[in-house]
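Below is one structure, written out as structure tokens, with a few remarks after it.
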Amino acid sequence: MSSFSTGKYALAISDRSGMAFPYKEMVKEWNGALVHISEFEAKHPQLQPRSHRGDAQSLRNSRPDRVEPPISQILTDNALQAGPTDSEIITVNLPGHGFKVGDVIRIDGCESFFPEYPEVSHIEDDDINIATGHTITAVTSNSFDFNPNDQITAFLTANCIPGTTTVYIDMDGVLTEYYQAVVDYAGPAGYLPLAPDWYYLTAAIEIEAVTAGGSSFFSNLGKRAEADALVDLVIAKNGSWDVLSTGPTYNNEKTAWINARYTGARAPNSLNFATNFNKGPFGGANKLLIDDRLVYVDQFEAAGGKGFKYWESGGITNFGGRNMSITKIST
């Protein structure tokens with residue numbers, strides 16, 4: 001049987017160009033065409049693509065994401081600080097707390113030592129540890145602020161029946177700048193070593209300041225910056241409000257003060273003055289009192305009413321917080 005010639009002297013015609021080339025320089029393409037090596041074109045890769053599996057997406061043992069449960073943070077024994085004088089701010093010192101404005105935090109186990117006097121600057125631990133928590137109003141990297149009076153809204157919402165409930169608001173220290181006026185007298189007189197802070201204020205100093213001011217003392221009192229907002233809140237929740245202050249010595253001056261500052265839609269339903277420094281007779285069913293003095297709140301509640309202890313800072317000072325922990329409960 002014969003074999004093929006090597007073709008070393010032969011020529012071949014290219015299937016692509018039709019030109020003659022040395023036979024030995026010819027190659028065959030994937031489609032069977034015989035072409036010169038200079039004309040060779042490899043098969044395009046997309047004419048025969050490789051199979052491709054999709055990228056892996058899921059995990060074999062995957063589980064759904066979860067919301068991390070709140071973690072309590074333990075504070076130092078002196079973490080609570082009252083804010084500037086006459087403010088409604090309590091600052092909590094907690095470096096790296098991670099909270100933001102608007103977060104609601106619950107405080108547990110607080111043991112503080114806010115001063116017993118002036119009563120406006122005293123706050124009970126139960127009001128700090130309240131289960132519904134407090135809303136953060138300001139933050140720094142090492143601390144955050146809250147207003148302990150932020151529970152007034154919940155207090156009114158839970159207890160107001162418009163047309164049935166009577167909501168009394170105290171004047172001195174709640175609507176008026178009573179304490180600041182007392183300190184303005186007592187500080188220069190040398191009675192208060194920490195003036196203009198309110199600490200070391202006593203009942204005797206209050207009486208002396210009021211007596212020295214005479215009939216114009218109450219007439220000249222300034223209105224607290226938060227007073228109108230408080231009145232508006234009570235009207236929004238209850239439809240009306242009433243004044244309950246102590247008397248009778250300065251009833252006329254206090255009446256004139258109210259009538260000059262609260263008119264029209266903000267005018268109170270009535271002006272009432274407790275005698276013998278006892279607000280108990282005004283308590284009873286469907287009666288609420290917002291007052292800065294715990295003694296009056298206790299009298300009112302003993303008579304069947306419900307009271308809210310209003311708080312104002314007497315000056316920037318630390319007041320404990322031993323055994324306190326803080327947990328964020330909502331955003």
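All of the numbers you see were taken from the coordinates with simple rules; none came from a lab. Remember, predicted model here, so these are calculated numbers, not experimental data. Cβ: placed from backbone, ideal geometry, glycine included. Neighbour counts: every protein chain shown.
Here are a few things to note about the model shown:
- Taking the DSSP bridge list for the stretch 96-254 and keeping only pairs wholly inside it, about 65 percent are antiparallel.
- 3J(HN,Hα) along the stretch 265-272: 5, 8, 5, x, 5, 7, 10, 10 Hz, from the Karplus curve 6.51 cos²θ - 1.76 cosθ + 1.60 with θ = phi - 60°, whole Hz, x for Gly and Pro.
- Per residue Cα convex hull volume in Å³ - calculated over the stretch 22-178: 345 Å³
- Which of 8, 237 has the fewest Cβ neighbours within 10 Å, and the rest in rising order: 8, 237
- By the count of neighbouring beta-carbon atoms within 10 Å, fewest first, 277, 300 end up ordered 277, 300.
- Residues with amide H under 5 Å from that of residue 176, placed H, sequence gap 5 or more: 224
- Applying a DSSP loop filter and a limit of 14 other Cβ atoms within 10 Å to the chymotrypsin sites (Phe, Trp or Tyr not before Pro) in the stretch 1-82 leaves 4, 9, 30, 40.
- Distant-in-sequence amide contacts of residue 289, defined by a placed amide H-H separation under 5 Å and a gap of 5 or more residues or a different chain, comprise 168, 306, 307, 308.
- Residue of 29, 312, 68 that the Gaussian network model of the chain assigns the largest fluctuation, springs spanning Cα pairs under 10 Å: 29
- Over the stretch 149-309, volume per residue of the alpha carbon convex hull, in Å³: 109 Å³
- Note on the chain: GNM, Cα springs under 10 Å; of 159, 61, 220, the largest mean-square fluctuation is that of 61.
- Each DSSP beta bridge with both residues in the chain is either parallel or antiparallel, and the antiparallel ones are about 65%.
- Given 100/306; 223/254; 287/328; 306/328, the pairs whose alpha carbons are separated by over 23 Å: 100/306; 287/328; 306/328
- Shape descriptor for the chain: Rg over Rh equals 1.62 (Cα atoms; Rh from the Kirkwood inverse mean 1/r).
- Residue by residue, the stretch 317-331 carries 3J(HN,Hα) couplings of 8, 7, 9, x, x, 4, 6, 7, 10, 10, 10, 6, 10, 6, 10 Hz when phi is fed to the Karplus relation 6.51 cos²θ - 1.76 cosθ + 1.60 (θ = phi - 60°); x denotes Gly or Pro.
- Set of aspartates and glutamates near residue 8 by C-alpha distance (under 18 Å), chain-local residues within fewer than 8 positions excluded: 25
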